[in-house]
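Note sheet for the following structure.
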Amino acid sequence: MNAFASQLLAGLATGGIYASMALALVMIYRSTHHVNFAQGEMAMFSTFIASMLIQAGWPYWATFFATVVFAFAMGAVIEAVLIRRLRDAPVLSIVVVFVALLVILHSLAGGLFGYAIRSFPSPFAETAWYGSSLLSPHQIGAIGVTLLMLALVYVFFRYSPLGLAMRATAENPVSSRLVGVRVNRMLALGWGLAGAIGAVAGMMIAPVVFLDVHMMSGVLLYAFAAAVLGGVGSAPGAVVGGFIVGVLENLLGTYVVGAELKLSVALVLIIGVLVARPSGLFGKAIVVRV
């Protein structure tokens, strides 16, 4: 039972990371109705920036907030310079651009920072009162950070005028523009928020898997499975889906398929959800009259 409880709680901690990345994917999808396949590489690149600042002597939390600002700016610039020009392009063209962006960021990170695996510090102490034999302080802290981000995103979109303008832009950009909403700014803001959330996820996962240019490849797949499971347009669904995927990955990888086939759990989950319930657990089925 102790081993089962350990795997269950470790799955929840890992699921918190997947939930953060899934939340970033949902932010992009709600603003553009496209899946950003380069989201993981954006998070990885931002984490390398954080590592560089820490090596330069910056305190951790100053580095944390500076990296979030950098990631926000990077996301907004990518939307303004690249994605905005493709707004009316075919879906396949946009997918190709996202894949190209993934490869460019991956290669750029390798060229600038190298391909060696390096350690990344955790903001949480190795031993603390909130740690236990089943969960480390970092794992508990990662779960707390994810839930805090979800709460902030919910409050922002539910109660702030800027958040309401972003929701209106996502739902109907034409009508939003007619009533005075600056749609281009809202879309750039959505990309910036997604970049910032992804950077937080990268800094939370790096102390666990170590920092290298490949660290977000598997994480992005699990995050995509979480977003599909929860409903790719639902922020709460992305978080719930992240925790579910994390638990399933750990339990099935330990007791059923083995560690070598854990990644297949996410693939099977994506296919199963798309076949049985394409809108996900919390998504809305959209009916179009023709």
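The values are calculated or read from the model by the stated rules, or taken from the named source; none is laboratory data. Everything quoted here is computed from the prediction, not taken from an experiment. Using ideal geometry, Cβ is built from the backbone for each residue, glycine included, and neighbour counts are taken over all protein chains shown. Note: areas computed on protein heavy atoms with side chains; ligands, DNA, RNA excluded. Shrake-Rupley method; radii C 1.70, N 1.55, O 1.52, S 1.80 Å.
The figures follow:
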| item | result |
| --- | --- |
| Residue ID - farthest from residue 29 (Cα to Cα), chosen from residues in the range 54-68 that are without any contact (Cβ under 8 Å) to a residue 40 or more places away in the chain and of a type in the set (A, V, I, L, M, F, W, C) | 56 |
| Filter result (in a loop (DSSP other than H, G, I, E, B) and touching a Leu at 6+ places or on another chain (Cβ under 7 Å)) within the range 26-63 | 35, 36, 37, 38 |
| Residue selected from the range 33-52 under the condition β-branched (Val, Ile, Thr) and surrounded by fewer than 24 Cβ atoms within 10 Å (Cβ to Cβ), by the criterion nearest to the chain's Cα centre (by Cα) | 35 |
| Enumerated helices (runs of 4 or more DSSP H) restricted to the range 148-234, each holding at least 1 residues that are under 27 Å from residue 63 (Cβ atoms) | 161-171, 183-209, 217-230 |
| Members of the range 174-195 that are under 24 Å from residue 38 (Cβ atoms) and without any contact (Cβ under 8 Å) to a residue 12 or more places away in the chain | 185 |
| Residue in the range 220-241 that is most open to solvent (accessible area, probe 1.4 Å), counting only those that are in contact with a Ser or Thr (Cβ under 9 Å, 6 or more places away or on another chain) and within 16 Å of residue 263 (Cβ to Cβ) | 222 |
| Residue within the range 125-137 that is open to solvent by less than 30 Å² (accessible area, probe 1.4 Å), assigned to a loop (DSSP other than H, G, I, E, B) and in contact with a helix residue (DSSP H, G or I) (Cβ under 8 Å, 6 or more places away or on another chain) present | yes |
| Hits in the range 227-264 (condition: free of Cβ contacts under 8 Å to residues at least 40 places away in the same chain and touching a helix residue (DSSP H, G or I) at 6+ places or on another chain (Cβ under 7 Å)) | 252, 253, 257, 259, 262 |
